[in-house]
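Asker: Next up is a structure, given as structure tokens.
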Amino acid sequence: MAQVLWSGRLEEKPDAEALAFESSIAVDSRLAQEDITGSRAHVAMLAKQGIIPAEAAQAIDTELGRISRELAEGKISIDQEAEDIHSFIEGLLTERLGDVGRMVHAGRSRNDQVAVDLRLYLKGVVPEIAEEIRATCQTLLDLAEQHLETLMPGYTHLQRAQPVSLAHHLVAWTAGLERDRGRFLDALTRLDECPLGSGALATSTLTLDRYETARGLGFPRPTVNSMDSVADRDFALELAGACAILATHLSRFCEDVVLWATEEFGFINLAEQWSTGSSIMPQKKNPDFAELIRGKTGRQIGNLVTLLTLLKGLPYAYDRDLQEDKEALFDALDTARATLRMFRPMMATAQFRKDRMEAACVGGFLEATDVAEYLVRKGLPFRKAHEVAAQVVRDCGAAGQRSIAERTLEELRSRSELFDADLYEVIRPGTALRNRSRSGGPAPEAVQAQIAELRRRLEK
Ligand code: ARG
């Protein structure tokens, strides 16, 4: 077992199994580079403030630079028995520089160190996830542009409701994803403050310059309060929340995909590459990727609940419980990225069965609302128009007809004198789509405007 940093106080150490239990290195070694970056800024500030000699700071900086390179090149293997990544790197520095290495931790605690490492890491990773979301939105919008005229039923209660287009449906998904991107970027603005200099909880008697360290690390300012700095993990909650909401969106999209891929719907053919077979049923082509993306949502909600439960009831300021934050947070971010990277090509390579979608627009009386609104345009109060259209639907049912278009004008007029031959055009699915040209609606030009608006938002 590597030397622990606190061996001066305690004569007896926990045994190997107990040390392994309290070690976080398996999880936090991914913070190695951020840890080094934070230490370099801290050391530069210590020298500038005359807390350590300039030559010592120079030597530490050079050695940390070397350690960083060696880690990146895989020349250093991280000791899995170290207590955490902070101890490991400080231990390495001390091994190489002796007493000079021992100067690095002046005015610092692992409590503010891990807080700054995490924030630096997130400042790198969160924009990457936002970019994955942006790319996913672009894929969906590109697809939508090809399907402005592809008719399909829109559903409420999973019952055919009114005709929409595939483009309208895909843009509905994208609108949610665009907000997801906003949630990630928004969380980033709040976490962009530097906790370094907070020390264990109460800063330091050394003349640290927190503004200097914040500047050196590219934060716009230091955090407001040192106790908050080491206790706060609400940035982790926000991000795990953003991940859970994103996952919930993807889960719903994938549920649509799974339904569409059934023989019953037959709206989509997933590429073979994005499907799996069965070990027993030779005919099977299963939408496992969509199902797994849906399934990962349970885990993402779990990650959020893990973090909320971890924090609830923790007394201020730092508690070791906080070490448990990283596994859930890293998993949430990894899973968010992985699911987006699967969802995007799965959708881009899918084939949409326009014939099946269009055919599904006939037979469920999706035109009934159009009939009612036709009567409204002729002056009938809506509630009466609704009743007439409902009677017409019932008449069709009694006559075994699948569509109001199958009724003769005479039959229709028996329900209302207001019906004319122009009704037949109004209830054609293509016309019904084009007539819904309000802002936000499914008509091709309306969807085109939605696509343009979302593309504009995604540029920001
Ligand atoms: N590995 C620890 C964490 O992730 C570092 C902080 C340890 N601090 C302490 N006072 N024991 O939170």
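Values in this text are rule-based calculations from the coordinates and carry no lab data. The structure displayed is predicted, hence computed values, not measured ones. Cβ sites come from the backbone with ideal geometry, for glycine too, and all protein chains shown count toward neighbours.
Asker: Please report Rg over Rh for the chain, where both radii come from the alpha carbon positions and Rh follows the Kirkwood definition.
Answerer: That ratio is 1.16, to two decimals.
Asker: Can I ask one more? Would you work out which of Met346, Val371, Met357 lies farthest towards the positive end of the dipole of the stretch 329-371? Charges go on Cβ: Lys and Arg +1, Asp and Glu -1.
Answerer: Comparing the listed Cα positions along the dipole, Met346 ranks first.
Asker: Okay, moving on. When the Cα centres of the stretch 358-409 and the stretch 49-86 are compared, how far apart do they sit, in Å?
Answerer: 75 Å
Asker: Write down Rg/Rh for the stretch 257-398, rounded to two decimals, with Rg from the C-alpha atoms and Rh from the Kirkwood relation over Cα pairs. Please list the in-between numbers first.
Answerer: On the way: Rg = 24.9 Å, Rh = 20.2 Å.
Rg/Rh: 1.24.
Asker: Once Lys and Arg get +1 and Asp and Glu get -1 on their Cβ, which of Ala202, Leu311, Leu270 lies farthest toward the positive end of the dipole of the stretch 170-314?
Answerer: Ala202
Asker: In addition: Using unit Cβ charges (K, R positive; D, E negative) and no other charged atoms, how large, in debye to the nearest 20, is the dipole of the stretch 1-112 about its Cα centre? Present the calculation step by step, with values, prior to reporting the outcome.
Answerer: Details: 12 positive and 21 negative charges, 113 e Å.
In debye, rounded to 20, the stretch 1-112 gives about 540.
Asker: May I pose another question? Note down the nm distance, to one decimal, between modelled labels 7 Å out along Cα→Cβ at Arg377 and at Arg402.
Answerer: 2.6 nm
Asker: Same structure, new question: Evaluate the relative contact order of the stretch 217-359 (contact order divided by residue number), counting alpha-carbon pairs under 8 angstrom at least 6 apart; express in whole percent.
Answerer: Relative contact order comes out at 35 percent.
Asker: Take every Cα pair under 8 Å in the chain that's 6+ residues apart, average their separations, divide by the length, and report that relative contact order as a whole percent.
Answerer: Across the chain, relative contact order equals 16 percent.
Asker: Please give the charge dipole size of the chain, origin at the Cα centre, charges +1 on K and R Cβ atoms and -1 on D and E Cβ atoms. Round to the nearest 20 debye. Spell out each step's value before the answer.
Answerer: Working: 56 positive and 70 negative charges, 326 e Å.
Here the size comes out at about 1560 debye.
Asker: Report the one residue of Ile404, Ser437, Ala452 whose Cα lies farthest in the direction of the positive end of the charge dipole of the stretch 397-460 (charges on C-beta: Lys and Arg +1, Asp and Glu -1; origin at the Cα centre).
Answerer: So the residue furthest toward the plus end is Ala452.
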